[in-house]
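What follows is calculated from the coordinates using simple rules that are stated; it is not laboratory data. Predicted model only: the values in this text are computed from it and were never measured. As a convention, Cβ positions derive from the backbone with ideal geometry for all residues, glycine included, and neighbour counts pool all protein chains shown.
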Amino acid sequence: MTTTQTRQKLPIGIQSFAKLREQGCYYVDKTRLALELIEQGSHYFLSRPRRFGKSLFLDTLAELFSGNQALFSGLYCESRWDWQTRYPVIRISFGAGVLRNRAELDEKIAEILAINQEALGITCTLLQHHARFAELIRQAHAQTGQRVVVLVDEYDKPILDNLTSPDAARELRDGLRDFYSVIKDSDAHIKFAFLTGVSKFSKVSIFSGLNNLNDITLDAAYSAICGYTDSDIDRVFAPELPGLDRDEIRSWYNGYNWGGEAVYNPFDLLLLFSKRAFRPYWFETGTPTFLVDLMIQRQTFTPDLSRQHSSLELLSAFDVDHIEAAALLFQTGYTTIHAVEEYLPGQQVYTLGYPNKEVQTSLNNALLPALGLDGQRAFTQRLNLLSHLRAQDFSGLAQHFSSLYASIPHDWYRNNPIAQYEGYYASVFYSHIAALGLDISVEDATHQGRVDMSVRFNGQVWLFEFKVVELSPEGKALAQLKAKNYAEKYKSRGEPIHLIGIEFSKETRSVVGFEVETLLS
């Protein structure tokens, strides 16, 4: 790794390719992937979480098709693109503002079409939006002699903004479906079409009129089409690395994966290089209130967030009338792919989990108030937990967990159905520890109130078993932990191993057992 490069401007918040290049910003060259897409097909769809560089990639495509060669000096595509041919580009984005009903959507579409007509020097006469869109495509082709490029950014935002109002969301979905269907019907006039958004709606909803799209969301070859890879960080951003712990950068921000090479969220990295401090920059830009409410409503067993299995069908099963929690978590970036296994031809199992420390700590921190823990008190409790672990203070640890559950108000238990869910107590226990951002592994999680969890911290291994005595009366938690022999796999590390069995009573809502045994290698 070299640090002799000249420092450049950090493109924080810049989504314009021209602005980025003209101002001498750092740029991770994505034009090789752009050329591959153009050479191999014509109609694409890509889903990525917010602030992942989708808008910048679309803008790069727009400048490429417009033939603005000067912007691509020194990039992969410079000597590989026909700069003499320029294509008419129609750009559509629903990223700005919030649309609450069909009337506002129609007004926005009219505005978008008017902007494109002016940019292309075309006058359309038809009044209905989908008819005028088709007319715009036809006329652009006829006027220039070149087929049209259609680029759609934030195609799903009007729907996502209204998920808490299903009637409005359905109305907006239907309006967008009619609008997007023009792209398929106008195929003879289109050179290239690319749609991006956060979510992939099921084919029977918004895509029913646009079934000729090649969905590259989970194509291994395009896993890094948005975001920065590890090699990008070392090569492009080398001048920014001195003074920062490289392994900590990976732990905090790397790990987003769509079946190929893992990537960092650009927003996180750019702010890290600017502020020189590790913080949940991406998470802080959007509070996942709807997601947290949905997880609580569905009685999500939070230890499963670190490791769960899904199919392609489930990951794509998303619509206003059927929101699959696993799909929503994945598509919005709170879980990512850890492994893909093909157990039968054409049948894949996707193993999902947190992408990195930022998401693990932030999401579990956001979940704690929904699980009954006061936000400020939960923060203080996490600091106390960390102190007890560092000091190996087992009596303090026992008192800590007793106080943790005692702090949940009685009225909360009475008024929240999730408190009756048998996995609730284990979820509180897990999310409380996971919010610290420690090295946690859920070894064996069930929905019968038991959870085995290992924590590596401060040169030691902590193995926890948590049980609800009314649901598992067959024995003590520590005895079960020893019987499962979890310690064996850690003995080769030469680190002290603490076995901790914690028992909770659902009836008294309190810790009724806390046993510890330490094994020295």
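Nearest 0.05, what FRET efficiency do residue 167 and residue 412 give at R0 = 22 Å with Cβ-Cβ as r? Mind dumping the intermediate values first?
Working: r = 31 Å, r/R0 = 1.40.
Computed FRET efficiency for residue 167 and residue 412: 0.10.
Quickly estimate the mean residue ellipticity at 222 nm for the chain, helices only: each DSSP H run with n ≥ 4 gives -39500 (n - 2.57), and the total goes over all residues, rounded to 500.
Values: 20 runs with 204 residues, N = 521.
The helix contribution divided over the chain gives -11500 deg cm²/dmol.
Could you tell me how far the Cα centroid of the stretch 130-172 sits from the Cα centroid of the stretch 248-279, in Å?
32 Å
So, R0 is 51 Å and r is the distance between the beta-carbons of residue 339 and residue 103; what FRET efficiency does that work out to, to 0.05?
Details: r = 46 Å, r/R0 = 0.91.
FRET efficiency, residue 339 to residue 103: 0.65.
Binning at 10 angstrom from zero up to the longest distance, how are the C-alpha pair distances of the stretch 24-79 distributed in percent?
19, 57, 22, 1
Run the simple label-point estimate for residue 39 and residue 393 please: 7 Å along Cα→C-beta, distance reported in nm.
Rounded to a tenth, the inter-label distance reads 6.3 nm.
Provide the FRET efficiency to the nearest 0.05 for the residue 5-residue 187 pair, computing r from the beta carbons and using R0 = 30 Å.
Numbers: r = 45 Å, r/R0 = 1.50.
Result of the calculation: an efficiency of 0.10.
Percent relative contact order of the chain, based on C-alpha pairs within less than 8 angstrom and at least six residues apart? Show your work: numbers first, answer last.
Values: 860 pairs, mean separation 59.5, N = 521.
Normalised by residue count, the contact order of the chain is 11 percent.
Work through the residues other than residue 383 whose Cβ is under 15 Å from its Cβ and net out their charges, Lys, Arg +1 and Asp, Glu -1. The partial results should precede the final answer.
Values: positive: 377, 382, 390; negative: 374, 393.
Combined, the nearby Lys, Arg, Asp and Glu give +1.
For q = 0.14 Å⁻¹, what log10 I(q)/I(0) does the stretch 289-353 give under the Debye formula with an equal point scatterer on each alpha carbon and no solvent?
Those come out to -0.41, one per q.
For q values of 0.08, 0.11, 0.12 Å⁻¹, compute log₁₀ I(q)/I(0) with the Debye formula on a Cα-only model of the chain, without solvent.
Log-scaled intensity ratios, in q order: -0.60, -1.02, -1.15.
Using Cα pairs under 8 angstrom and six or more residues apart, how large is the relative contact order of the stretch 1-149, in percent? Before the final figure, lay out each step's value.
Numbers: 112 pairs, mean separation 29.1, N = 149.
Result for the stretch 1-149 is 20 percent.
Quick check on the exposure proxy: order 226, 77 from fewest to most C-beta atoms within 10 angstrom.
Working: 226 25, 77 19.
Starting with the residue having the fewest Cβ neighbours, the order is 77, 226.
Length gain on complete extension for the stretch residue 299 to residue 32, per 0.36 nm per residue less the alpha carbon to alpha carbon distance?
Working it through step by step, the gained length comes to 91.7 nm.
Can you tell me the alpha carbon radius of gyration of the stretch 230-281 divided by the globular rule-of-thumb value 2.2 N^0.38 Å?
On the way: Rg = 10.6 Å, N = 52, 2.2 N^0.38 = 9.9 Å.
The value comes to 1.07.
Starting from the Cα-Cα distance between residue 251 and residue 23, subtract it from 0.36 nm times their residue separation and give me the gain in nm to one decimal.
Details: separation 228, 0.36 × 228 = 82.08 nm, distance 3.10 nm.
Answer, rounded to one decimal: 79.0 nm.
For the stretch 2-53, state the semi-axes of the equivalent ellipsoid (square roots of 5 times the eigenvalues of the alpha-carbon gyration tensor), sorted largest first and rounded to whole angstrom. Show your work: numbers first, answer last.
Numbers: eigenvalues 134, 44, 25 Å².
So the equivalent ellipsoid measures 26, 15, 11 Å along its semi-axes.
From the phi of every residue in the stretch 156-167, what ³J(HN,Hα) in whole Hz does the Karplus formula 6.51 cos²θ - 1.76 cosθ + 1.60 yield, where θ is phi - 60° and glycine or proline is x?
For the stretch 156-167, the Karplus curve yields 9, 4, x, 6, 4, 5, 10, 4, 7, 10, x, 4 Hz.
Using alpha-carbon positions, what is the distance between the centroids of the stretch 360-433 and the stretch 12-35, in Å?
44 Å
Along each of its three principal axes, how wide is the spread of alpha-carbon positions in the stretch 31-217, in whole angstrom units, largest first?
Sorted largest first, the three principal extents are 51, 37, 27 Å.
How far apart, in nanometres, would the label points at residue 470 and residue 12 be if each is projected 7 angstrom from Cα along the Cα-to-Cβ direction?
5.1 nm
Find out how many positive minus negative residues lie around residue 225, taking Lys and Arg as positive, Asp and Glu as negative, among other residues whose Cβ is under 11 Å from that of residue 225.
Numbers: positive: 30, 32, 48, 54; negative: 36, 219, 261.
Counting the neighbours of residue 225, the net charge comes to +1.
Run the paramagnetic zone check for residue 507: 7 angstrom along Cα to Cβ, then residues of the stretch 456-481 with backbone nitrogen under 12 Å.
Answer for the stretch 456-481: 469-471.
From Cα pairs below 8 angstrom and at least 6 apart in sequence, can you work out the relative contact order of the stretch 193-339, rounded to a whole percent?
On the way: 128 pairs, mean separation 41.7, N = 147.
Relative contact order comes out at 28 percent.
Calculate one ³J(HN,Hα) per residue across the stretch 321-330 by plugging θ = phi - 60° into the Karplus curve 6.51 cos²θ - 1.76 cosθ + 1.60, and present them in order as whole Hz with x for glycine and proline.
Listing the rounded values in order: 8, 8, 9, 7, 4, 4, 5, 5, 4, 5 Hz.
Would you kindly state how much longer the chain becomes between residue 274 and residue 138 on full extension, computed as 0.36 nm times their sequence separation minus their alpha carbon distance, in nm to one decimal?
On the way: separation 136, 0.36 × 136 = 48.96 nm, distance 4.62 nm.
Full extension from residue 274 to residue 138 adds 44.3 nm.
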